[in-house]
Amino acid sequence: MESKQLVAELKKRLGEAHYTFIFDEKHDKLRLDNKVIRRGMDISLAEILAKYETKKQRAIDEVVYTIEQTFAAMTHEQEQGFEGLASVYPVVRSTSFQKKSNEGHAFVTTDHTAETRIFYALDLGTTYRLIDESMLPKLNITAEQVREMARFSVKKLPTSVKRDEVSGNVYYFLNHNDGYDASRILNDGFLKEMASQIEGEMTVSVPHQDVLIIGDIRNDVGYDVLAQMTMHFFTVGAVPITSLSFVYEDGRFEPIFILAKNKKRE
């Protein structure tokens, strides 16, 4: 599929009666504006096409769903404000993720690792809205209060995992599909509980938003398996974060490739 074909498919799925479509062929982007609320978003076509290579029609289904839910949230905000939307959760993103909203307002963030940064989301039920500084007065809340609410909220999320064993190594997958799977990396109590069960070296991976992988690495093959696994998840994820994994020890995260270099120096 090519960009022009993708734009045609999105027009068909979303309908030109509700949206205006401006295709920027030079930068391979699509500007989509809702005619009713007069707000819009920019869509990177290259990212969708890359996912289409492996996920086919499901990649388009996902982007259509995201667009519809995002505009539904914008409509709710415009008509009713933020009243009654009190649930705030942390979400993990790559450090390359944009730091400002499309309107130019800085998002509320917290530094996490060299690969990841924490953003904060106002939960809207079927989707969420990243909190930017312009929203704070409307919510009657400070940035620090947002961070505190999010720290409390993430601890209430379920943390059941599925276990798999490969070549003598054990991998635990957390995948509740609630939009906050990767956010569990911020639940210190959960990570410490998992650490108590680990026999080898504990690794934590957040290749995309909807999965958290904890590894019990007991031999060198375990790292190879983990690298292949995280790269696969990173490639197919709707919201990719990082293909790197971290060694977890005493509440600290150390990227594995840095650790490997240090070992070589020794």
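The values are calculated or read from the model by the stated rules, or taken from the named source; none is laboratory data. Bear in mind that the values here come from a model prediction, so they are computed numbers and not experimental data. Here the Cβ is made from the backbone with ideal geometry for all residues, glycine too, and neighbour counts use every protein chain on show. Note: areas computed on protein heavy atoms with side chains; ligands, DNA, RNA excluded. Shrake-Rupley method; radii C 1.70, N 1.55, O 1.52, S 1.80 Å.
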Fill in: Selection status of Thr242, buried (at least 20 other Cβ atoms within 10 Å of the Cβ), in contact (Cβ under 8 Å) with a residue 12 or more places away in the chain, in a loop (DSSP other than H, G, I, E, B) and in contact with a Ser or Thr (Cβ under 7 Å, 6 or more places away or on another chain)
yes
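State yes or no: is Phe190 in contact with a strand residue (DSSP E or B) (Cβ under 6 Å, 6 or more places away or on another chain) and either assigned to a helix (DSSP H, G or I) or open to solvent by 30 Å² or more (accessible area, probe 1.4 Å) (or both)?
Values: in contact with a strand residue (DSSP E or B) (Cβ under 6 Å, 6 or more places away or on another chain): no; either assigned to a helix (DSSP H, G or I) or open to solvent by 30 Å² or more (accessible area, probe 1.4 Å) (or both): yes.
No; evaluated as a whole, the condition is false for this residue.
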Worksheet item: Looking at Tyr171, is it closer than 24 Å to Thr110 by Cα and of a type in the set (Ser, Thr, Tyr)?
Response: no
Worksheet entry | Some residue of region 26-36 being modelled with pLDDT under 90, in contact with a Leu (Cβ under 7 Å, 6 or more places away or on another chain) and of a type in the set (A, V, I, L, M, F, W, C) | no
Worksheet item: From the residues in region 129-144 that are touching a residue at least 24 places away in the same chain (Cβ under 8 Å) and open to solvent by 50 Å² or more (accessible area, probe 1.4 Å), which one is farthest from Val91 (Cα to Cα)?
Response: Lys138
Item to complete: Answer with yes or no whether Thr126 is open to solvent by less than 50 Å² (accessible area, probe 1.4 Å), under 24 Å from Arg184 (Cβ atoms), in a loop (DSSP other than H, G, I, E, B) and not hydrophobic (A, V, I, L, M, F, W, C).
Response: no
Discussion item. I'd like to check something: does region 172-183 contain any residue that is of a type outside the set (A, V, I, L, M), at pLDDT 95 or above and more than 15 Å from the chain's Cα centre (by Cα)?
Written reply: yes
Discussion item. I'd like the full set of residues that are within 14 Å of Val239 (Cβ to Cβ) and open to solvent by 30 Å² or more (accessible area, probe 1.4 Å), limited to region 96-116.
Written reply: Ser96, Phe97, Gln98
Discussion item. I'd like the full set of residues that are of a type in the set (Lys, Arg), touching a residue at least 24 places away in the same chain (Cβ under 8 Å) and within 26 Å of Phe234 (Cβ to Cβ), limited to region 14-57.
Written reply: Lys51, Lys55
Discussion item. Let me spell it out: the conditions are (1) within 20 Å of the chain's Cα centre (by Cα); (2) closer than 14 Å to Thr203 by Cβ, and Pro240 meets all of them except one. Which number is the exception?
Written reply: (2)
Item to complete: For region 219-233, indicate whether the set of residues that are in contact with a helix residue (DSSP H, G or I) (Cβ under 7 Å, 6 or more places away or on another chain) and open to solvent by less than 40 Å² (accessible area, probe 1.4 Å) is non-empty.
Response: no
Worksheet entry | Selected residue [more than 16 Å from the chain's Cα centre (by Cα), in contact (Cβ under 8 Å) with a residue 12 or more places away in the chain and not in a strand (DSSP E or B)] from Met229, Met202 | Met229
